[in-house]
Amino acid sequence: MKRHQLVLVGLLGLYCLITLAPFYALVVRAFTPTVQSTEFHLWLPDRRPLSMNARLGDLATIYSIDARAFRQEMGIKGYVNPQLTLAQLAETYELEPERIRAWLEPRVQYNGVLSVMEAGFLRSLLATIFVTGVSVGVGGLLGIMTGSALAGFRRPWHLFTYNLYMLNMIIPPMMVILPQYLIMTKVLGLDDNYLSVILIHIKGGALSTMVFTSYIATIPKELRESVQMDGGRHYHYFFYVLLPLMGTPFAVFASIAMPWMWNDLLHPLVFLSPAKYTLPAFVAAIGGTYTTNYEAIFSGLMLSLIPILLIYLVFQKMFVRSAVAGAVKG
Amino acid sequence: MAGSSTRGAKRSWLRSRAGRRFLVDLAYAGPQLFLYVLVQLLPFVIALPIIFTDRLDFLDQDVAWVGLDNVRAMLQPPLVDRFGDALQRTALFALVNYVMVYLFGFVLALAMFELTSRLKGLFFTIIYMPWMISGVGIGLLMIMLFSSDTGSLNLLLKELGFGRNVVDVKSEAGTLITLPIMYGWKTAGFNMAVFLGGLLAIPTETIESARMDGARYLDRVIHIYIPQIVPSIIIVTIFSLINSFGIFDELVGLGGLSGNANAEFLSVFVYQLGFGAGATGGAKIGTLAQAITVSLLVFLPLVLVAFGLNRLQKRLQYH
Amino acid sequence: MSEVLIEGVSKRFGRTEVIHGIDLRIKEGELTVLLGPSGCGKSTLLRMIAGLEDISEGVIRIGGEEVNDLEPVERGCAMVFQNYALYPHQTVRRNMAFPLKMARLPRAEIARRVAATAKLLQLEELLDRLPRDLSGGQRQRVAMGRAMIREPKIFLFDEPLSNLDAELRVRMRLEISRLQRELLATMVFVTHDQVEAMTLAHRIVIMRAGLIEQVGTPLEVYRRPANRFVAGFIGSPAMNFIDVREVRADATGSQLTLGDGSTLVAGALPAETASVGIRPEHIRIGLAERASLSFAAGQHRSIGAEHLGDRSYRYLSLPFGELTMLAPEEQVIDETEPLAISFDPARLHCFAHDGRRLERAAA
């Protein structure tokens, strides 16, 4: 008995280590300069100092450094020969080598993180938090409202509506994305607007309808009738009795829906312009822009993972409990 | 006269208690239902007739009815090869992915079900963690781990003396092997939770009585556990099927929109047909009508299968 | 005015009709109990009075006013539910204040009334607790308090005592009786427990399969059941029924031929009597009473006994069927000896073929 448990702990522990390995590798790679990406590193490699003999053009290519920003910063007007080394540059344009170094050094040392930041990571993060937060909140509220009307299936149209939402589970997003785009832009006029992505998230679907309807159905109907007897209207029941009891199902809904909404790529990609991308689209765009600058790509991925992993770890008890409970209900 | 009297009857019905209750229900269910119909069901209805036209995109002014030409186009050069390849890749992926569901999810669930240690919560938290990674993230992680020359795993294997570039994520076989593994890794926690939920719902008496009857562990799994978690199995099957055929984000991460031909699965193919030269690059290779046609051709049968499985699940619920 | 008038009320759920055109008058200031086996429609009728169920047909008037289309609160009813329906996340105080909050009473008035009601029900100590921290009886009292606090015209109770243990049930019964007397309230009380009905009610309405079988005071329904169903439903153990083959009248009274051919002499009975009923507590052993039956040794058999300490119920198998009777604890019935039982013919209930009660001609 004891031994069998030990074996289980060992095997599961091993699997957990394997699970964590890619995360670890990601952190290492996010700080491994692209030029060293063909070497194996077990830990963050030492950075090589910026050599004044490096050519500006090479630096621009390898580290995705914006040559125009460099020219502006250094006060150079006109064309700069990318074949010049930094030392030659300093000489030609009579610049302090230290000034060049001060500007270029961090861009080389922390190339990945800085590139991602400059590409608009924080704005994208805020957009993601905004879209996901509004979507989870409003989507949950709408789901509770739907559940409060449908619970118990007192009329045939309740069941019909419920089944309509179930249909959503088996319509792949790709199938309807094109007409959705048409409706968003032509009918609602939501061209390049976060609201379009939010609308897609809060439109209701199998998950929220199932979770809230089935949970509300377990609340004794006498509570509702009692409010009726006490002279309350449905909104009294809704606000005073139902909402305070919705903690558990909302946790189930939020913990499953939040990663979906946070990680939604397709809709932001189609509905929004690159300047407004939420994180997954932003990360995808980084992958497209910095095709060979692995350091930047993996830094982008790492930075985009940190916030959601933090949310997950803070609420991990809720996530874990909801995952199992939601599955039993489903 | 007759019209006005029925209208009168309708108005008085809305004022009756049953009518008022209907209005209240509608007031609560209505907002979301309106949204749902507008941005989910309506697009579906709009999509249908377009498949019989030559509509290039949504701005196309010159649209003609072409009957089943769009279906024919898929079966003729130049598209037939790409369509066929994409379909084959997707189907193969769906199959391997389904095996992964059991290799990761079910086995882990069985282990967690037997585990009594206090480490259970920690294990669960870690196993569930990859579920938080976006699809693009998975694709990029695959590039990071399995690329030739720069992949961390390749470098590690080289370091350990297993030879150079053991896997190559961008090769045909490389994609088909590594994608289900990474996808299985990502969904392991979710699938485990579904299976574990099913296992925990089994009345313990049936397990104990099987024990009393002398059933060994494997016998119990086959004769007691599996028959009683059929609903979980069906849920996981539906999810796996739909997700496998709809897989897109991971492929974007793998460069499916920017020239990696081996990452062109059905969804990428559809995207290329319909949107093509989007912000992420790639070239428009067909018409909007063709894109919708392919989606319907592939996904409608899936919808039916999933619907059937869903009904089966309702029927098989013991508890 | 809080008289409830029910006129030709029916209730259909889809195609199945569960209440078939009931007429009933519930008098003001009385406690009326709706009694019947489960599924008889008593709860549905109560919920129609409350306004929780629609009325398919017919009219319900409260204080003379038709209420069919009124919301529950407009009818002036309060209800105590079987599971109490306390709001689980609100304290006792907030639970009791809820109806007043809905009525938009000023805060001071709410506090005053909550305090007064809590005092009346001895809930003062519990005001800041949550329902989950209360015992069954305390929850029951909170539910009562929440119903009372609005000072409704009519109290409706839907099996409110069935979740309590036996001892508590007796106490709450007394409590409800006391409140009814103090408030002079009109109360409608649904139960399937006849002891509850007999002890609480001013008037009992006995229902079966969506119809009213009898309306009367507890003693009326016990003494003069309107039909065989009521006769068998009221009283525990149930009344004995003996099939009658023939009634022959002569100068001294009627001679009944029972199912097995034996005869019984009783006072004048209606000629169409198809069966007679006699309660277990009205049967004596021996020939003490005017009507009697005798059985030879071996003709009677004991099939069981329930001993209650001071008395016991005996279950006998006799040639014409089974019979339950109340006997003193020390009474011994020996199957190897002859047995005689007797009763007062005035205690006999006569029923026609269709189960209807037959009145005896005044003797």
>> Can you list the helices (runs of 4 or more DSSP H) lying wholly within the stretch A:255-323 that have 1 or more residues being at the interface with another protein chain (Cβ under 7 Å from one of its Cβ atoms) and under 18 Å from B:TYR271 (Cα atoms)?
In response: A:266-271, A:279-289
> So how many residues does the stretch B:112-123 have that are open to solvent by less than 20 Å² (accessible area, probe 1.4 Å) and within 17 Å of B:SER232 (Cβ to Cβ)?
Replying inline: 1
> Which of the residues that make up the stretch C:139-166 are open to solvent by 10 Å² or more (accessible area, probe 1.4 Å) and in contact with a Phe, Trp or Tyr (Cβ under 6 Å, 6 or more places away or on another chain)?
Replying inline: C:ARG139, C:ASP158
>> If I filter the stretch A:246-254 for residues that are more than 10 Å from chain C (Cβ to nearest Cβ), β-branched (Val, Ile, Thr) and either under 28 Å from B:VAL37 (Cβ atoms) or not in a loop (DSSP other than H, G, I, E, B) (or both), do I get at least one hit?
In response: yes
> Among the residues of the stretch A:142-161, which ones are more than 10 Å from chain B (Cβ to nearest Cβ) and either of a type in the set (Val, Ile, Thr) or part of a helix (DSSP H, G or I) (or both)?
Replying inline: A:PRO156, A:LEU159, A:PHE160
> From the set of residues in the stretch A:22-65 that are under 30 Å from B:LEU115 (Cβ atoms) and more than 9 Å from every other protein chain (Cβ to nearest Cβ), which is surrounded by the fewest Cβ atoms within 10 Å (Cβ to Cβ)?
Replying inline: A:TYR24
> Here are A:ILE76, A:ILE18, A:ILE62: which of them is assigned by TED's automatic domain parsing to the domain that holds A:ARG99 and either under 30 Å from B:ILE133 (Cβ atoms) or out of contact with any helix residue (DSSP H, G or I) (no Cβ under 9 Å at 6 or more places or on another chain) (or both)?
Replying inline: A:ILE62
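Within the stretch A:171-217, can you find the residues that are hydroxyl-bearing (Ser, Thr, Tyr) and within 29 Å of A:ALA323 (Cβ to Cβ)?
Of all residues in the stretch A:171-217, those hydroxyl-bearing (Ser, Thr, Tyr) come to A:181, A:185, A:194, A:196, A:208-209, A:213-215.
Once the filter is applied, which keeps residues that are hydroxyl-bearing (Ser, Thr, Tyr) and within 29 Å of A:ALA323 (Cβ to Cβ), the stretch A:171-217 yields A:TYR194, A:SER208, A:THR209, A:THR213, A:SER214, A:TYR215.
Please return the ranges of strands (runs of 3 or more DSSP E) entirely within the stretch C:169-247 where 3 or more residues are under 30 Å from C:LEU316 (Cα atoms) and open to solvent by less than 60 Å² (accessible area, probe 1.4 Å).
Working: elements: C:186-191, C:203-208, C:211-216.
Fully inside the stretch C:169-247 and qualifying: nothing.
Scanning for something assigned by TED's automatic domain parsing to the domain that holds C:PHE157 and over 24 Å from C:PRO218 (Cα atoms), does the stretch C:40-50 turn up at least one residue? I'd like the intermediate steps shown before the answer.
Quick first cut of the stretch C:40-50, residues assigned by TED's automatic domain parsing to the domain that holds C:PHE157 only: C:40-50.
Retained after the next criterion (residues that are over 24 Å from C:PRO218 (Cα atoms)): C:48, C:50.
Yes, the stretch C:40-50 has at least one match.
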> Of the residues in the stretch B:171-192, how many are away from every other protein chain (no Cβ under 13 Å), surrounded by fewer than 23 Cβ atoms within 10 Å (Cβ to Cβ) and not hydroxyl-bearing (Ser, Thr, Tyr)?
Replying inline: 5
>> Could you list, ordered by first residue, the pairs with Cβ atoms under 8 Å in which the first is in the stretch B:125-148 and at the interface with chain A (Cβ under 7 Å from one of its Cβ atoms) and among the basic types (Lys, Arg) and the second is open to solvent by 10 Å² or more (accessible area, probe 1.4 Å) and assigned to a helix (DSSP H, G or I), at least 6 apart or interchain?
In response: none
>> Looking only at the stretch B:243-271, filter to residues that are touching a Leu at 6+ places or on another chain (Cβ under 9 Å) and outside any helix (DSSP H, G or I); which one of those is farthest from the other protein chains (Cβ to nearest Cβ)?
In response: B:GLU264
> Does B:LEU155 count as in contact with a Phe, Trp or Tyr (Cβ under 6 Å, 6 or more places away or on another chain) and within 10 Å of chain A (Cβ to nearest Cβ)?
Replying inline: yes
> Identify, please: which residue in the stretch A:2-21 is more than 33 Å from the chain's Cα centre (by Cα) and within 7 Å of chain B (Cβ to nearest Cβ) and is, among those, modelled with the lowest pLDDT?
Replying inline: A:GLN5
>> Looking only at the stretch A:164-198, count every residue that is in a loop (DSSP other than H, G, I, E, B) and either closer than 10 Å to B:GLN40 by Cα or not polar (S, T, N, Q) (or both) and tell me the total.
In response: 8
>> Condition first: in contact (Cβ under 8 Å) with a residue 60 or more places away in the chain and out of contact with any Lys or Arg (no Cβ under 9 Å at 6 or more places or on another chain). Now tell me which residues in the stretch C:24-38 satisfy that.
In response: C:LEU24, C:GLY29, C:SER38
> List pairs: first in the stretch A:211-229 and more than 7 Å from chain C (Cβ to nearest Cβ) and of a type in the set (A, V, I, L, M), second assigned to a loop (DSSP other than H, G, I, E, B) and open to solvent by 50 Å² or more (accessible area, probe 1.4 Å), Cβ under 7 Å, 6+ apart or cross-chain?
Replying inline: A:ALA217/A:GLY152
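Which of the following residues is open to solvent by 30 Å² or more (accessible area, probe 1.4 Å), without any contact (Cβ under 8 Å) to a residue 12 or more places away in the chain and out of contact with any strand residue (DSSP E or B) (no Cβ under 6 Å at 6 or more places or on another chain): A:GLY152, A:GLY133? Show your work before the answer.
Values: A:GLY152 fails: without any contact (Cβ under 8 Å) to a residue 12 or more places away in the chain.
It is A:GLY133.
One line per residue, one yes/no per condition, for (1) more than 30 Å from A:GLY232 (Cβ to Cβ); (2) under 17 Å from the mean Cα position of the chain (by Cα); (3) modelled with pLDDT of 85 or more:
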{"position": "A:MET246", "(1), (2), (3)": "no, no, yes"}
{"position": "A:PRO268", "(1), (2), (3)": "yes, yes, yes"}
{"position": "A:PHE271", "(1), (2), (3)": "yes, yes, yes"}
{"position": "A:ALA275", "(1), (2), (3)": "yes, yes, yes"}
{"position": "A:PHE282", "(1), (2), (3)": "yes, yes, yes"}
{"position": "A:TYR290", "(1), (2), (3)": "yes, no, no"}
{"position": "A:SER299", "(1), (2), (3)": "yes, yes, yes"}
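Does A:LYS221 qualify as being closer than 19 Å to A:VAL134 by Cα, modelled with pLDDT of 85 or more and open to solvent by 10 Å² or more (accessible area, probe 1.4 Å)?
Working: closer than 19 Å to A:VAL134 by Cα: no; modelled with pLDDT of 85 or more: yes; open to solvent by 10 Å² or more (accessible area, probe 1.4 Å): yes.
In short, no.
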>> I'd like to check which helices (runs of 4 or more DSSP H) are fully inside the stretch B:1-85 and have at least 2 residues that are more than 18 Å from A:THR161 (Cα to Cα), modelled with pLDDT under 80 and within 27 Å of the chain's Cα centre (by Cα).
In response: B:42-50, B:69-74
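For the stretch C:56-85, which residues satisfy the criterion of being open to solvent by 20 Å² or more (accessible area, probe 1.4 Å), within 14 Å of chain A (Cβ to nearest Cβ) and over 23 Å from C:GLU28 (Cβ atoms)?
The first filter runs over the stretch C:56-85 and keeps only residues open to solvent by 20 Å² or more (accessible area, probe 1.4 Å), leaving C:56-59, C:61, C:63-66, C:68-71, C:73-74, C:82-83.
Subsequent filtering for residues that are within 14 Å of chain A (Cβ to nearest Cβ) retains C:70-71, C:73-74, C:82-83.
Residues satisfying the conditions are C:GLN82, C:ASN83.
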>> So, in the stretch C:299-329, how many residues would count as being more than 32 Å from the chain's Cα centre (by Cα) and open to solvent by 20 Å² or more (accessible area, probe 1.4 Å)?
In response: 3
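If you check B:LEU300, B:LEU316, B:LEU288, B:LEU257, which single one turns out to be more than 28 Å from B:ASN70 (Cβ to Cβ) and modelled with pLDDT under 80?
Details: B:LEU300 fails: more than 28 Å from B:ASN70 (Cβ to Cβ); B:LEU288 fails: more than 28 Å from B:ASN70 (Cβ to Cβ); B:LEU257 fails: more than 28 Å from B:ASN70 (Cβ to Cβ).
After ruling out the rest, the residue left standing is B:LEU316.
One residue is enough: does the stretch B:200-209 have a residue meeting the conditions under 17 Å from the mean Cα position of the chain (by Cα), closer than 25 Å to B:VAL99 by Cα and modelled with pLDDT of 85 or more? Can you show your working first?
Here is the first cut: in the stretch B:200-209, the residues under 17 Å from the mean Cα position of the chain (by Cα) are none.
No: the stretch B:200-209 contains no residue that is under 17 Å from the mean Cα position of the chain (by Cα), closer than 25 Å to B:VAL99 by Cα and modelled with pLDDT of 85 or more.
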>> Considering only the stretch B:81-91, I want to know if a residue exists there that is open to solvent by less than 20 Å² (accessible area, probe 1.4 Å), within 30 Å of B:THR287 (Cβ to Cβ) and more than 11 Å from chain A (Cβ to nearest Cβ).
In response: yes
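The values are calculated or read from the model by the stated rules, or taken from the named source; none is laboratory data. Bear in mind that the values here come from a model prediction, so they are computed numbers and not experimental data. Reconstructed Cβ throughout: ideal geometry from the backbone, glycine too, with neighbour counts over all protein chains shown. Just the protein is used for accessible areas: all its heavy atoms, side chains included, with ligands, DNA and RNA removed. Shrake-Rupley method; radii C 1.70, N 1.55, O 1.52, S 1.80 Å.
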